[in-house]
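The values are calculated or read from the model by the stated rules, or taken from the named source; none is laboratory data. All values derive from a computational prediction rather than experimental measurement. Counting neighbours? That spans all protein chains shown, and the Cβs are built from the backbone with ideal geometry, glycine included. Heads up: the accessible areas ignore ligands, DNA and RNA and are worked out on the full protein's heavy atoms, side chains in. Shrake-Rupley method; radii C 1.70, N 1.55, O 1.52, S 1.80 Å.
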Amino acid sequence: MRVLRLAAIACFIFTPLAAQDAVIRGRVTARTGEPLGGANVIVANTNLGAVTGANGTYTLTVGASAVHGQQVLLTARYIGHKPQSVTITLSPGEQAQDFSLEADPLRLEEVVVTGVADATDKRKLGFTIGTVNEDQMKAVPGANALEGVQGKIAGVRFVPQSAAPGSEPAIRLRGATSISGRQDPLYIVDGVIARYGIADIAPEDVERIEIIKGAAASSLYGSNGANGVVQIFTKRGTTMPEGALQVTVRAEAGANQMPSRMQFSHHHAWEIESSPGHCVSLKATNTVDPVNNYCLTKQGGRITKADGIANNPFTVYYDHWDAMVKTGPFATQYISLGQRRGPTNFNASFENTRNQGVIFGLGGYTRRNLRLNLDH
């Protein structure tokens with residue numbers, strides 16, 4: 001028993017202590033003290049990073065094999081705020097590092113990926129990229145993703161191509177470049193070129209839109225980008241708080257009306273039976289229209305007044321405008337579910353849109369979208 005006891009003491013003395021991971025914990029908030037859920041905290045020049053939870057807290061673990069007491073740059077980023085970087089020394093065990101991000105109203109610190117090899121701050125680019133984020137699109141939601149851009153980026157013109165419900169407007173980023181050919185920009189959705197328009201993408205599914213105008217688009221994307229580039233990024237679960245299920249529900253209903261109506265004449269210039277025997281006294285006339293009191297020729301045609309002035313009111317007036325143009329109701333129901341848990345994240349959505357339009361008998365427009373983004 002004494003031998004075993006001495007051996008156990010010797011093992012305890014001479015066994016080296018197990019190396020420890022470096023665990024960095026902290027909280028990311030705005031200058032107002034509001035927690036920023038979904039902010040990114042990354043270690044520069046590495047693949048290490050974490051996303052804050054709904055309360056703004058994060059936990060970042062660096063493996064023991066990579067901890068050598070070296071200094072690293074830790075950066076916190078959040079959309080609409082200026083990034084903040086601090087230098088820390090990696091050491092075994094836990095250490096705290098909080099961030100307080102300042103708002104960036106001009107969005108010069110915003111990171112874009114269109115036309116560049118890697119995510120880059122706007123202020124470092126040699127050309128201009130217009131950006132519309134999710135908050136801006138929520139302020140005035142449109143029927144499709146393109147309508148959410150209207151009025152938010154300078155130099156972007158919208159040309160309606162059809163008055164039919166659900167039609168996609170034409171977007172112009174440059175002046176006229178062709179007489180008979182297409183002048184639409186190059187559309188890219190989640191890195192894939194869209195050849196047939198994007199009218200069927202629900203605006204609620206869009207995370208942000210990046211737009212390049214002018215000659216920069218051609219120099220970056222070749223002849224395909226001669227009319228500009230519009231890149232759309234749909235929502236994913238990568239920026240969601242860890243473990244929290246995010247549910248978004250939106251319902252909208254209303255009615256469309258024609259802003260103005262066509263005016264039709266309510267008077268005519270035909271002869272009528274103004275007094276007994278008036279029609280008979282006219283040459284080549286021997287009958288009277290029993291309903292509208294028109295003077296008719298022997299062949300049954302109406303006789304135009306000698307002065308040609310349309311001052312006789314119609315006896316019966318048919319309003320063809322009211323018969324054709326109606327008040328058209330529309331309704332949209334949207335729901336999305338998103339979650340991030342470890343290396344897996346997803347965002348699923350369903351949208352049902354119905355717009356009957358204002359023209360009677362054309363059937364209106366119906367769109368049902370089911371979308372799923374899954375990353376692992």
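Summary of values
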{"quantity": "Every residue from the stretch 152-184 that is surrounded by 10 or more Cβ atoms within 10 Å (Cβ to Cβ) and farther than 27 Å from THR327 by Cα", "calculated": "LYS152, ILE153, GLY155, VAL156, ARG157, ILE171, ARG172, LEU173, ARG174, THR177, GLN183, ASP184"}
{"quantity": "Top-ranked residue in the stretch 78-97 [being over 33 Å from the mean Cα position of the chain (by Cα) and not aliphatic (A, V, I, L, M); ranked as most open to solvent (accessible area, probe 1.4 Å)]", "calculated": "GLU94"}
{"quantity": "Filter result (surrounded by fewer than 15 Cβ atoms within 10 Å (Cβ to Cβ) and assigned to a loop (DSSP other than H, G, I, E, B)) within the stretch 222-257", "calculated": "GLY243, LEU245, GLN257"}
{"quantity": "Filtered residues of the stretch 23-49 (kept if outside any loop (DSSP other than H, G, I, E, B), over 18 Å from LYS82 (Cβ atoms) and not hydrophobic (A, V, I, L, M, F, W, C))", "calculated": "ARG25, GLY49"}
{"quantity": "Cβ-Cβ under 7 Å pairs, at least 6 apart or on other chains, the stretch 333-360 side of a type in the set (A, V, I, L, M), far side surrounded by 19 or more Cβ atoms within 10 Å (Cβ to Cβ)", "calculated": "ILE335/SER349; ALA348/SER336; VAL358/GLY328"}
{"quantity": "Conditions (1) assigned to a strand (DSSP E or B); (2) open to solvent by 40 Å² or more (accessible area, probe 1.4 Å); (3) among the charged types (D, E, K, R); number of the one not met by GLU210", "calculated": "(2)"}
{"quantity": "Residues satisfying the stated conditions in the stretch 133-151, i.e. surrounded by 19 or more Cβ atoms within 10 Å (Cβ to Cβ), of a type in the set (Gly, Ala, Ser) and outside any loop (DSSP other than H, G, I, E, B)", "calculated": "GLY148"}
{"quantity": "Total residues in the stretch 267-286, condition open to solvent by 60 Å² or more (accessible area, probe 1.4 Å), free of Cβ contacts under 8 Å to residues at least 40 places away in the same chain and not in a loop (DSSP other than H, G, I, E, B)", "calculated": "3"}
{"quantity": "Residue match in the stretch 316-329 (condition: open to solvent by less than 30 Å² (accessible area, probe 1.4 Å) and within 15 Å of GLU252 (Cα to Cα))", "calculated": "yes"}
{"quantity": "Contacts under 6 angstrom Cβ, first residue in the stretch 50-74 being without any contact (Cβ under 8 Å) to a residue 60 or more places away in the chain and part of a strand (DSSP E or B), partner open to solvent by 20 Å² or more (accessible area, probe 1.4 Å) and of a type in the set (Ser, Thr, Tyr), 6 or more apart", "calculated": "GLN71/THR87; GLN71/THR89; LEU73/SER85; LEU73/THR87"}
{"quantity": "Set ILE42, ILE79, ILE88: member being more than 15 Å from GLY26 (Cβ to Cβ) and of a type in the set (A, V, I, L, M, F, W, C)", "calculated": "ILE79"}
{"quantity": "Every residue from the stretch 347-364 that is in contact with a Gly (Cβ under 7 Å, 6 or more places away or on another chain) and open to solvent by less than 60 Å² (accessible area, probe 1.4 Å)", "calculated": "ASN347, ASN355, GLY357, VAL358, GLY364"}
{"quantity": "Any hit, the stretch 301-314, residues being open to solvent by less than 30 Å² (accessible area, probe 1.4 Å), modelled with pLDDT of 90 or more and either in contact with a helix residue (DSSP H, G or I) (Cβ under 7 Å, 6 or more places away or on another chain) or part of a strand (DSSP E or B) (or both)", "calculated": "no"}
{"quantity": "Long-range neighbours under 8 Å by Cβ, at least six apart or interchain, first residue closer than 26 Å to GLY364 by Cα within the stretch 146-167, second open to solvent by 80 Å² or more (accessible area, probe 1.4 Å)", "calculated": "GLY148/VAL140; PHE158/GLN150; ALA164/LEU362; PRO165/GLN356; SER167/PRO160; SER167/GLN161"}
{"quantity": "Residues within the stretch 185-196 that are assigned to a loop (DSSP other than H, G, I, E, B) and crowded, with 16+ Cβ neighbours inside 10 Å, tallied", "calculated": "1"}
{"quantity": "Unmet criterion (only one of (1) within 30 Å of ALA39 (Cβ to Cβ); (2) touching a Phe, Trp or Tyr at 6+ places or on another chain (Cβ under 6 Å); (3) among the hydrophobic types (A, V, I, L, M, F, W, C)) for ALA216", "calculated": "(1)"}
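Conditions tested, residue by residue: (1) surrounded by fewer than 16 Cβ atoms within 10 Å (Cβ to Cβ); (2) acidic (Asp, Glu); (3) over 25 Å from the mean Cα position of the chain (by Cα); (4) at pLDDT below 80.
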{"position": "THR29", "(1), (2), (3), (4)": "no, no, yes, no"}
{"position": "THR59", "(1), (2), (3), (4)": "yes, no, yes, no"}
{"position": "VAL67", "(1), (2), (3), (4)": "no, no, yes, no"}
{"position": "ALA76", "(1), (2), (3), (4)": "no, no, yes, no"}
{"position": "SER100", "(1), (2), (3), (4)": "yes, no, yes, no"}
{"position": "GLU110", "(1), (2), (3), (4)": "no, yes, no, yes"}
{"position": "LYS124", "(1), (2), (3), (4)": "yes, no, yes, yes"}
{"position": "THR131", "(1), (2), (3), (4)": "no, no, no, no"}
